[in-house]
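Each remark here refers to the structure printed beneath this line.
The values are calculated or read from the model by the stated rules, or taken from the named source; none is laboratory data. No experiment lies behind these values; they were computed from the predicted model shown. All Cβ positions, even for glycine, are placed from backbone atoms using ideal geometry, and neighbour counts span all protein chains on display. Heavy atoms of the whole protein, side chains included, go into the accessibility calculation; ligands, DNA and RNA do not. Shrake-Rupley method; radii C 1.70, N 1.55, O 1.52, S 1.80 Å.
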Amino acid sequence: MSIRNYSIYIYFLALLAVFPLTATAQKKSKHAVPATTYDVEPDRFVARAMQDKHGRTIEAVGTSRTSTAKVNMKYKEGIDVSRYQGTIDWEQVATEDISYAYMKATEGASLVDVTYKRNIREARKHGISVGSYHFYRPNISIDEQFNNMTSTVLKEEQDLVPLIDIETRGSVSEDQFISDLREFIERVAAHYGKKPLLYTFHNFYNKHLVGQFPDYHWMIARYRSDSPTLNDGKDFIMWQYTASGSVSGIRGNVDRSRIMGNFQLHHVAF
C-alpha cells in the first residue's frame, strides 16, 4: 500500500470512529433536561415522623442536631401531674389517648416535687412528650425562684418548653405583681432559649392578666363544658378542661388538657 493510500485508509478509519460516537451523543442529548439545583429550607412549623419502638413519636424539624427533644403528635390530649398522683404507671398511661405530660418540678424558692425526676424519665421512656412546670410565688424572691427552677429543670430532659404556673397575686400590688412576673418570665426565656408556656385560670387571667404577655402561648384552666373566653380575645394553645380526669396508670384524679383549634404540640416544642 502506498503512503498516499495508507493515509487515506487511516483517515477513513478515523471518520468511522468519530461519527457513530457523535450520533450517539446527539441521540442522548436530544431529550436531555438540564440539571437544576434546589435550595430547600426546613419548614420550622412542620414535624416529620420518626417512629420509635412505640410508633408514636416524631422529632420536631428545626431543632438543633444536638437536641434530644421529641414531640408526640398522635393526639391533642395531655395531662399534668405532681406528687398528688403518687407513683404513676407510665407504660399504662402510654396506652391512652395522651401525647404530652407536664410534670410539676418546683415551687417558690426551694420546693422540688419528690416525683419529678421519676415522672419525667418514665413518661419520656414510654413515648410521651414531657415538659416541666414551676409554681410561681409572687411574695418570694425572683432570684431564689429562678435558681430553684433552673437547677432542677434541665434542658436536655425536656421535649416541651417550660411552663410557669400563675395562680396567685400574693400580697404584692398589681403593678409589682406584673413587673416581677415579667422579669421572671423573661429570665426563664433567656435561660432556656425558648419562651415558656404560661398557665392560669380563666377568671384569674381576666382579672389580672388581660393584655399581658401577648407574644406567649397560654394554657387556660376552666372546668366547665364550654371553653374559656378571654376578655382580650387572646387565642390560647391549651385548655385544661378538668381536674378530675381519669387515665389508666394513675390512681385517682388527674388534670387533663387539650390542644385548641389549629395549634399543634410542635408550637411548644423545646
Of the numbered conditions (1) at pLDDT 90 or above; (2) in a loop (DSSP other than H, G, I, E, B); (3) in contact with a Gly (Cβ under 6 Å, 6 or more places away or on another chain); (4) of a type outside the set (A, V, I, L, M), residue 102 fails exactly one; give the number of that condition.
-> (2)
Please give the number of the condition residue 109 fails out of (1) part of a loop (DSSP other than H, G, I, E, B); (2) in contact with a helix residue (DSSP H, G or I) (Cβ under 6 Å, 6 or more places away or on another chain); (3) open to solvent by less than 10 Å² (accessible area, probe 1.4 Å).
-> (3)
Any chance segment 242-251 includes a residue that's open to solvent by less than 20 Å² (accessible area, probe 1.4 Å) and out of contact with any Asp or Glu (no Cβ under 9 Å at 6 or more places or on another chain)?
-> no
Could you run through segment 89-106 and say how many residues are among the β-branched types (Val, Ile, Thr) and either open to solvent by 10 Å² or more (accessible area, probe 1.4 Å) or touching a helix residue (DSSP H, G or I) at 6+ places or on another chain (Cβ under 6 Å) (or both)?
-> 2
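Just to be sure I understand, how many residues within segment 229-241 are in contact with an Asp or Glu (Cβ under 7 Å, 6 or more places away or on another chain) and surrounded by fewer than 16 Cβ atoms within 10 Å (Cβ to Cβ)? Give the steps one after another, and end with the answer.
Just the residues of segment 229-241 that are in contact with an Asp or Glu (Cβ under 7 Å, 6 or more places away or on another chain), to begin with: 240.
Now restrict to residues that are surrounded by fewer than 16 Cβ atoms within 10 Å (Cβ to Cβ): none.
Qualifying residue count, segment 229-241: 0.
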Provide a single number: the residues in segment 136-166 that are in contact with a strand residue (DSSP E or B) (Cβ under 6 Å, 6 or more places away or on another chain) and over 17 Å from residue 190 (Cβ atoms).
-> 5
Looking at (1) of a type outside the set (D, E, K, R); (2) open to solvent by 10 Å² or more (accessible area, probe 1.4 Å); (3) at negative phi, find the lone condition where residue 86 falls short.
-> (3)
